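Heads up: the structure comes next, in structure tokens.
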Amino acid sequence: MATISIELIRKRSEHNEGEIGTLEEISLHQEDITKIENLQNWCKNLKILFLQSNLIFKIENLNKLKQLEYLNLALNCIEKIENLDRCESLNKLDLTMNFIGELTSIESLKHNIHLTTLFLTGNPCTDYDGYREFVIGTLPQINVLDGVEVTHRDKLVAKQQLSTVKRKIIVQQNAYEKSKREKKNSSKSLKITENILETDEPYDDKSDEDFWNQPSENTPECRVEMAMHSRRAQRKQDEAKKTPKKETWTPKLFTDTGRPYNLNQAKVPYKLDDEQNRYILTVEVYKFMDTEELDVDVQPTYVRVTMRKKILQLVLDEEVKVDESSAKRLIGSKRLEITMPKVKQIISPVKKQRVKDQDVREESGSKLTDEVLDQKRQVEFWNITNEPTNRNVVKNFIDNPEVPPLE
């Protein structure tokens, strides 16, 4: 358990630039402090002292704090009010949620004439019959008790009934002490010793889960035991933070040869339309995700969409124009649309009706000869030197024998 050390006080006095001698206010709550010490020697000018939510069993070592006005000891393990009579300036005392059963111990506060506010809520003594009358009658300087104003009439009535109420309080107080001893003897709770308070481990090997699942008693011992289990759990968390974290799995996006993989780590529905000249990818992103959490990366052979560090990657069969690609998302919609024009776009020819030879003849209004038709035919190299096949043959040809044949 923690002690009030010079390092702790300097740490909690940053508002005073670490100066301890002139410190007027300090908060030492939730430090598992078991004993009040050193404050009256190091911080003699203290006016406000917060020591709530610790494991303090006894009020002590505060008698030199002559300027102390407000002392908060709520949520500790105090069973008796004592050693505050020399805190002459004490104005407000908070002992909420302790284990004070000895109500007659408030008589030690009679000499604190400036004490006007007292809190004892949550202590066993508040269940005593006549509790409020006894406190008001014993401490007439009190103006506020447990957050309720004490009127002048309350003080007169309490003063008149003080002797009778005190006898009733003593009887109930003795009965409480007797039942407390019986419970302590029969209880299996932790036995408070200095060795237990100084140890770093619980008193047995019970798991934390078993301990928190079983019912506990409202005693100082149980409160200490709860603090020890909580401290062990906190220590495990701190150790876990110090140990290096295991590397989280990262998806493999490319093969060894550089070819991209198809990957849907985000597990979102999508649709990839392969149109004639472009790709259109429609992704159903998370419904309540901000657009700033989206990242779109279009490459010539693949497209990648990152949603909250989760990846959707798709391979494209044809290359696309990265500079002309676009992504849009309607406001309030979860649909993301990415348009990616293809690099090799298909140009469709315009079909024109060919004019037939017969239509040409009809339009010209005259019949073309075979020679004209031959001139309009497609020129072929093998047919350049040949004579037209449709040329008219000369009739009545007479061969002259005197003419030698051509060689």
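The values are calculated or read from the model by the stated rules, or taken from the named source; none is laboratory data. Predicted, not measured: the structure shown is a model, and the values here were computed from it. Don't worry about glycine lacking a Cβ; one is built from the backbone with ideal geometry, like all the others, and counts go over all protein chains shown. Heads up: the accessible areas ignore ligands, DNA and RNA and are worked out on the full protein's heavy atoms, side chains in. Shrake-Rupley method; radii C 1.70, N 1.55, O 1.52, S 1.80 Å.
Before moving on, here are some points about what is shown:
- Unmet requirement for ASP146, which otherwise passes all of (1) on the phi > 0 side of the Ramachandran plot; (2) more than 41 Å from the chain's Cα centre (by Cα); (3) acidic (Asp, Glu): (2)
- Within segment 165-205, being within 13 Å of CYS222 (Cβ to Cβ), open to solvent by 70 Å² or more (accessible area, probe 1.4 Å) and at pLDDT below 55 holds for one residue alone: TYR203.
- Criterion violated by ARG304 - all others in (1) modelled with pLDDT of 90 or more; (2) among the basic types (Lys, Arg); (3) surrounded by fewer than 14 Cβ atoms within 10 Å (Cβ to Cβ) satisfied: (3)
- Here segment 83-114 is the region considered, the condition is being under 17 Å from PRO124 (Cα atoms) and in a loop (DSSP other than H, G, I, E, B), and the residue that is most open to solvent (accessible area, probe 1.4 Å) is MET97.
- Any hit, segment 132-152, residues being outside any loop (DSSP other than H, G, I, E, B), open to solvent by 30 Å² or more (accessible area, probe 1.4 Å) and aliphatic (A, V, I, L, M): yes
- Subset of segment 153-175 [farther than 13 Å from THR104 by Cα and of a type in the set (Ser, Thr, Tyr)]: THR164
- In segment 8-30, residue nearest to ILE78 (Cα to Cα) [restricted to those that are of a type in the set (Asp, Glu) and at pLDDT 90 or above]: GLU25
- Taken together, the residues in segment 79-112 that are within 46 Å of the chain's Cα centre (by Cα) and among the basic types (Lys, Arg) amount to 2.
- Annotation note: of LEU51, LEU8, LEU68, the sole residue that is without any contact (Cβ under 8 Å) to a residue 24 or more places away in the chain and under 25 Å from HIS229 (Cα atoms) is LEU8.
- Of note, ASN61 does not satisfy the criterion of being at negative phi and not acidic (Asp, Glu).
- Test: residue in segment 168-177 that is over 54 Å from the mean Cα position of the chain (by Cα), over 26 Å from LYS92 (Cα atoms) and of a type in the set (Ser, Thr, Tyr): no
- In segment 228-260, the residue that is nearest to TYR302 (Cα to Cα) out of those that are in contact (Cβ under 8 Å) with a residue 12 or more places away in the chain and touching a Pro at 6+ places or on another chain (Cβ under 8 Å) is LEU253.
- Among the candidates VAL285, VAL268, VAL322, VAL303, the residue that is over 30 Å from ARG181 (Cα atoms) and touching a Lys or Arg at 6+ places or on another chain (Cβ under 7 Å) is uniquely VAL285.
- Output for segment 297-339, where each listed residue is part of a strand (DSSP E or B) and more than 36 Å from the chain's Cα centre (by Cα): VAL320
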